[in-house]
Structures are given as structure tokens and as C-alpha cells.
Amino acid sequence: MQTSEQPRSGHVVIGVDTHKHVHVAAVMDTIGGILTTLTIPTDTGGFQQLADWAGSFGDVVALGIEGTGSYGATLASFLRRAGHKVVEAGRPDRRLRRMNGKSDTLDAENAARAVLAGFATATPKTADGEAEMIRQLKIAHDQAVEQRATAMVTIKAILVHASDALRRETAGKTQISLARQLAALRPRRLEGPEDALRHTLRTLAKRWQYLDAEAKELTKMIGDLVQRSPRTCSSPSVSAWTQPRRSSS
């Protein structure tokens with residue numbers, strides 16, 4: 001008795017479930033359904049393996065990748081540079097995932113079905129060029145600003161317990177002037193709470209100065225990138241970088 005092979009169109013879509021260390025991909029023929037799956041490491045070699053593997057089944061119509069803004073960002077960028085159409089497949093419904101049991105393979109298959117059904121159509125943000133450079137620098141900038149603010153809050157909380165003389169000397173000063181004065185403290189011994197307090201204030205003030213310089217340097221770098229890219233400059237999310245900055249008070 002002869003058995004017929006599963007019909008295939010030669011046109012496939014790929015669904016990818018992404019994780020930190022491995023990605024799971026499923027290939028789906030447009031008429032033959034799910035063909036097979038593949039697990040790859042999250043490095044360039046793994047990405048190339050996936051691209052070669054996908055192409056071996058026929059013409060790749062599109063690749064639906066989950067988490068293109070997180071774990072899938074590098075893969076999406078790699079495939080787009082290779083000339084493939086990449087769409088955001090979206091994360092699976094967590095409630096349904098708990099009901100049906102966790103399965104990376106099933107998630108990859110569902111991502112492929114979403115692409116074929118036309119549910120996954122969103123184009124992921126590009127991870128190339130000035131926009132990605134700005135995003136990376138802004139991560140460091142925002143953290144520096146946040147830590148700078150924390151350092152100043154701590155300085156002012158500790159000053160409450162300082163001597164009357166030191167509180168009078170620092171009263172009413174701007175953040176820059178306050179940090180400059182406290183960084184210049186020269187405690188020569190460590191024999192009591194007042195000595196420890198002055199050492200602490202000096203350390204925190206130096207930290208604030210370092211973070212302030214870092215934030216300003218990153219602000220300039222981001223501003224230069226925004227000015228260099230007219231398309232990026234027109235984006236509301238980064239247009240503020242083109243405006244003059246006031247010094248920290």
C-alpha cells in the first residue's frame with residue numbers, strides 16, 4: 001500500500017519563541033502545516049543556523065519572532081539584515097499557557113500560525129543606526145541621573161545629623177555647590193561619629209560629582225546623535241534632546 005507524502009507549497013513561515021540562552025523555531029508550510037522545529041543558541045552562529053535551516057524548506061515568506069524588543073531583538077536585527085521579512089509575533093497568553101502547560105515548541109508553532117493567519121503583522125523597531133545608539137546611551141544616562149538623585153537625597157538626609165557649623169555652611173546651596181563643598185572636606189581621623197559622618201558626606205559628594213559629569217557627557221553624546229539624524233530628531237520621544245539643557249541646581 002502506497003502512502004502519499006504531505007503536500008507542500010514550497011513557501012514557509014517561521015515562528016520563533018525567544019529566551020535568554022536559546023531560541024526555539026518552528027517551520028510551517030503554507031499548505032502543509034507544521035513541518036518541524038529547531039532549537040538554537042542565542043549567538044551569531046545560532047542565528048545563521050536558523051536562517052540556513054529555514055531556507056532549506058523553501059521560500060521564507062516571513063518570520064514571526066516573539067519579544068523583538070527584548071530577547072528577540074538581536075535575532076530580528078540579524079534576519080532583517082539578511083533580507084528576511086520579520087514581524088512581531090507577540091507573547092503568548094499567559095492564562096492559556098498555564099492551562100495548556102508550558103511548551104516552547106508549542107509557542108513557536110503558534111507564532112508561525114499567527115504569521116500565516118495574518119494576526120502577526122507589526123514590524124518590530126529597528127535595532128540599527130542612530131535610533132538604537134540613542135536607546136543604548138539613554139539607558140546609561142537615565143541610570144546615572146537616577147543614581148545622582150539618590151546620592152543627593154542621601155547627602156541631605158545625613159546633613160540633618162551634622163554639626164551646627166556644617167549645617168550653617170551648607171544651608172541654601174545649590175546641588176553643585178553643595179557637592180563641591182562636601183567633596184573638599186578633609187577629615188583626618190576616624191575617632192567618632194562626627195568623623196565618620198564627614199567621611200560619608202565626602203564620599204557621597206564625590207559620587208554625585210562623578211555621576212553628574214557622566215550624565216552630562218551622555219546627554220551631549222545623545223544630543224549629537226539626534227542632531228546627526230533628522231529622522232530620529234523628528235521623533236517626539238527624543239526631540240527633547242535637541243533643546244538646551246539647564247544646569248543642575
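Whole-Hz Karplus values for region 172-183 come out as x, 7, 5, 4, 5, 5, 5, 5, 5, 5, 6, 5 Hz, taken residue by residue from phi with 6.51 cos²θ - 1.76 cosθ + 1.60 and θ = phi - 60°; glycine and proline positions read x. Residue pairs exceeding 22 angstrom between C-alpha atoms, taken from 156/206; 20/220; 85/138: 20/220; 85/138.
Need one word for region 101-229: rounded, prolate or oblate. Basis is the Cα gyration tensor (sqrt eigenvalues a ≥ b ≥ c); a/c below 1.5 gives rounded, then a/b vs b/c decides. Provide the component values of the computation, followed by the final result.
Numbers: a/c = 4.55, a/b = 2.44, b/c = 1.87.
Here region 101-229 falls in the prolate category.
Residue-wise HN-Hα couplings along region 59-70, as the Karplus relation 6.51 cos²θ - 1.76 cosθ + 1.60 with θ = phi - 60° gives them from phi, are 6, 7, 6, 6, 10, x, 10, 7, x, 5, x, 9 Hz; Gly and Pro carry x.
Label zone (residue 8, point 7 Å along Cα-to-C-beta; backbone nitrogen cut-off 17 Å) within region 16-37: 26-37. Near the amide H of residue 60, within less than 5 Å, lie the amide hydrogens of 12, all on another chain or at least 5 residues away, with H placed in the peptide plane. Legend: calculated FRET efficiency, residue 150 to residue 31, from the Cβ-Cβ distance at R0 = 51 Å, rounded to 0.05, equals 0.30.
A prolate overall shape is assigned to region 28-78, the ratio a/c of its alpha-carbon gyration tensor axes (a ≥ b ≥ c) being 1.5 or greater and a/b exceeding b/c.
For region 151-165, putting each phi into the Karplus relation 6.51 cos²θ - 1.76 cosθ + 1.60 with θ = phi - 60° gives couplings of 4, 5, 4, 5, 4, 5, 5, 6, 4, 4, 9, 6, 5, 4, 5 Hz, in residue order, rounded to whole numbers and with x for Gly and Pro. Relative to the current alpha-carbon distance between residue 220 and residue 169, full extension at 0.36 nm per residue lengthens the span by 15.1 nm.
The numbers here are math on the coordinates, done by the rules we state, and not lab data. Everything quoted here is computed from the prediction, not taken from an experiment. Cβ atoms come from the backbone with ideal geometry, glycine included; neighbour counts cover every protein chain shown.
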